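Below you'll find the structure, written out as structure tokens, and then a few comments.
The values are calculated or read from the model by the stated rules, or taken from the named source; none is laboratory data. No experiment lies behind these values; they were computed from the predicted model shown. Heads up, the Cβs are rebuilt from the backbone with ideal geometry, glycines too, and the neighbour counts pull from every protein chain shown. Ligands, DNA and RNA are excluded from the accessible area calculation, which covers all protein heavy atoms including side chains. Shrake-Rupley method; radii C 1.70, N 1.55, O 1.52, S 1.80 Å.
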Amino acid sequence: QVQLVESGGGSVQPGGSLRLSCAASGFSFSMYAMGWYRQAPGQERELVAAITNGGGFTQYPDSVKGRFTISRENGKNTVYLQMNTLKPDDTGVYYCNAGRGPSLWKAGDDWGQGTQVTVSS
């Protein structure tokens, strides 16, 4: 059974940083691309970062490019999201997702419980 457990969220002032982690189990982690999504209140869930199974390629929307960095440690079955220069628009619940294969990007069916990120002064 696929399990994805996000952690590292919190409250931060604009301009601050957070590092999210997602611990994965129940599948062959190193064979799948991984992604991070966020969902703001009243809005659809949107992809903010994705990484191939080996970590060699990444994908970001323009809204976070240059500020967010996705990485992974296959030996620890963990994917990370380093978020810098945070803005109030980055507020939301952040979820990780295992893709449907090794490449970028098609979301899979399994989601964690999410971790709340609040950016406010």
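Just flag the GluC sites (Glu not before Pro) in the stretch 1-68 sitting in loop per DSSP whose Cβ has no more than 15 other Cβ atoms within 10 Å.
Counting only loop positions with at most 15 other Cβ atoms within 10 Å, the GluC sites (Glu not before Pro) in the stretch 1-68 are Glu44.
All other residues with a Cβ under 13 Å from the Cβ of Leu86 taken together, and with Lys, Arg as +1 and Asp, Glu as -1, what is their net charge?
In short, +2.
By a straight-distance test (C-alpha under 24 Å), which lysines pair with Lys106 as possible cross-link partners, with residues fewer than eight away in the same chain excluded?
Lys65, Lys76
At 1.4 Å probe size, with no ligands or nucleic acids counted, give the accessible surface of Ser28 in Å², nearest ten.
60
Kirkwood Rh over alpha-carbon pairs of the chain, then Stokes-Einstein at 37 °C and 0.692 mPa s: what D in µm² s⁻¹, rounded to an integer?
234
How much of the accessible area of the chain, in percent, comes from carbon and sulfur atoms when a 1.4 Å probe is used?
Ligands and nucleic acids excluded, carbon and sulfur give 44 percent.
Nearest 20 debye, what's the magnitude of the dipole of the stretch 1-104 about its Cα centre given +1 on Lys and Arg Cβ and -1 on Asp and Glu Cβ?
180
Using a 1.4 Å probe, what is the accessible area per residue for the chain, in Å²?
Here the residues of the chain average 51 Å² of exposed surface.
So, in nm, how far is label Asp109 from label Ser17 when the simple model puts each one 7 Å beyond its Cα toward the Cβ?
3.9
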